[in-house]
Amino acid sequence: MNKISIAFILSFITITVSAQEEKLPHLEMQYTAAMQPMYLFNSGIRLDFEKRIKRSPSWLQISPSVYWVPKDDEYNSYLMSGEELSGLFGIGLDLNYKYFFNPKESFYVAAGCTYTHYRINYRGDIWNSYTEYDLTYHTHEYGNAKQNINRAGLNTYIGYQIPTPYFLFDMYVGLGYRLSFRSDKFGERFDSSMISPGYRGVMFLTGVRFGCKFK
């Protein structure tokens, strides 16, 4: 190994160590709070709260979410996914582990799990039954119906977070898997697209986050 190669290696090690030892203001932050505005387009709101794990580049993220469409039996509303309904309430929670893999803590990988419960009102085909002269009759009618959906899943994604002292801006892309269970197996499925409440299968993840950092 010649002298030029040795000098290059030593220079690279020196620069790497110096970058790792650099104390940028945002590296001292222990908590973040943010929201994901894209959820608003699908009648929802999601907040993200993060805590650094023992002053390391690892973070724990907890994210509650709420979905709401006012109930109205006379008029139908549409979700961004295209579902037609007359009322919706949902509440969910995501838990993710996040790890920055560069010294400035800008690029990261994350993975975790998600759960959401939906209560949906809609107008559609329903089965009614009644008993007359000791006989039970079933009728197929159109009217007000309800569907409850429990949706669980896994997430994995990569992202970029601007390394600023206090303001937080974050972009990410990834893949997830969703498994949904309906209370009425004969009712509306609500699974027309990846962002539908009752969707099952692999889905594409993307989003942006705005928020703040603090100690």
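Checking the Cα-Cα distances for Lys98/Lys215; Lys71/Lys213; Lys71/Lys185; Lys71/Lys98; Lys54/Lys213; Lys98/Lys185 against a 27 Å cut-off, the pairs over it are Lys71/Lys213; Lys71/Lys98; Lys98/Lys185. Couplings 3J(HN,Hα) of region 58-65, computed from phi: 9, 10, 10, 10, 10, 9, x, 9 Hz, in residue order, whole Hz [Karplus 6.51 cos²θ - 1.76 cosθ + 1.60, θ = phi - 60°; x for Gly and Pro].
In square angstrom, what is the accessible area per residue of region 61-215 with a 1.4 angstrom probe? Write out the running numbers ahead of the final one.
Values: 9040 Å² over 155 residues.
Result: 58 Å² per residue.
Only protein heavy atoms count here; on that basis, with a 1.4 Å probe, Thr164 has an accessible area of about 40 Å². Please give me the summed charge of the neighbours of Gly112: other residues whose Cβ is under 13 Å from its Cβ, Lys and Arg +1, Asp and Glu -1. Residues near Gly112 contribute -2 overall.
Taken as Cα centroids, region 41-70 and region 176-200 sit 22 Å apart, rounded to the nearest whole angstrom.
The values are calculated or read from the model by the stated rules, or taken from the named source; none is laboratory data. For clarity, every value in this text was computed on a predicted model and none was experimentally measured. Cβ coordinates were reconstructed from backbone atoms using ideal geometry, including for glycine residues, and neighbour counts include every protein chain displayed. Remember, those area values only see protein heavy atoms, side chains included, never the ligands or the DNA or RNA. Shrake-Rupley method; radii C 1.70, N 1.55, O 1.52, S 1.80 Å.
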